[in-house]
Every structure is written in C-alpha cells, then in structure tokens.
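Worksheet for the structure shown next.
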Amino acid sequence: LAQRVKMRGGEVDLVARRGKMLAFVEVKQRATADAAAFALDEHRLRRVAVAARQLEPRYARPGDDIRIDAIFIVPGRLPQHLANVWLG
C-alpha cells in the first residue's frame, strides 16, 4: 500500500495488506543475518510503532488485524519474514 512513509517521530518501510491483515513492516538489508538482526532494536521498532499509530486511520478497515513485522534481506539467502515483532 505504501513504501518509505515518514511521519512525525517515526517511519515505516512498507505498509502491506493481505485480506484482513494490515502490516507495518521494517526492512533491514545487511551483509549477514546477524547484522540484520542486530539492526532491529527496540528504538527502531518504537519508531515504526509511532508511525504505525499515525498511519492506522489511513489504511485500517473495520475488523482488521494490525501488526508490525520485519523482513531481513541478506545476500545469497531468501528474505526472512518475522511476523508481529512488536508487542509494545
């Protein structure tokens, strides 16, 4: 639905929908899987959550499940999708 959306206090790399699932996604591309995982910290997730709260009225529909996901992109490997990484 959207890419690289910057809001006051945060940003979201991707806004995606599948059926009744609305996901705000943080994408990390790094040289290694460990580096990608290390790049996803509480501070960055909090910034995604702040932006997601502001974007929710724009994209959410009644009855939607809303979550924050992450995708790790590492050369030579399939992208790794982590669902519902923020429970704050």
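Annotations
- Leu14 being surrounded by 13 or more Cβ atoms within 10 Å (Cβ to Cβ) and not in a helix (DSSP H, G or I): yes
- Evaluation of Gly9 against the conditions (1) free of Cβ contacts under 8 Å to residues at least 12 places away in the same chain; (2) small (Gly, Ala, Ser); (3) touching a helix residue (DSSP H, G or I) at 6+ places or on another chain (Cβ under 6 Å) shows that the sole unmet condition is (1).
- Residue in segment 27-37 that is in a strand (DSSP E or B) and under 25 Å from Gly63 (Cα atoms) present: no
- Taking segment 38-63 as the range and being in a loop (DSSP other than H, G, I, E, B), at pLDDT below 95 and surrounded by fewer than 16 Cβ atoms within 10 Å (Cβ to Cβ) as the test, only Asp41 passes.
- With respect to being in contact with an Asp or Glu (Cβ under 6 Å, 6 or more places away or on another chain), surrounded by 14 or more Cβ atoms within 10 Å (Cβ to Cβ) and part of a strand (DSSP E or B), Ala23 fits the description.
The values are calculated or read from the model by the stated rules, or taken from the named source; none is laboratory data. These numbers come from a predicted model, not from an experiment. Heads up, the Cβs are rebuilt from the backbone with ideal geometry, glycines too, and the neighbour counts pull from every protein chain shown.
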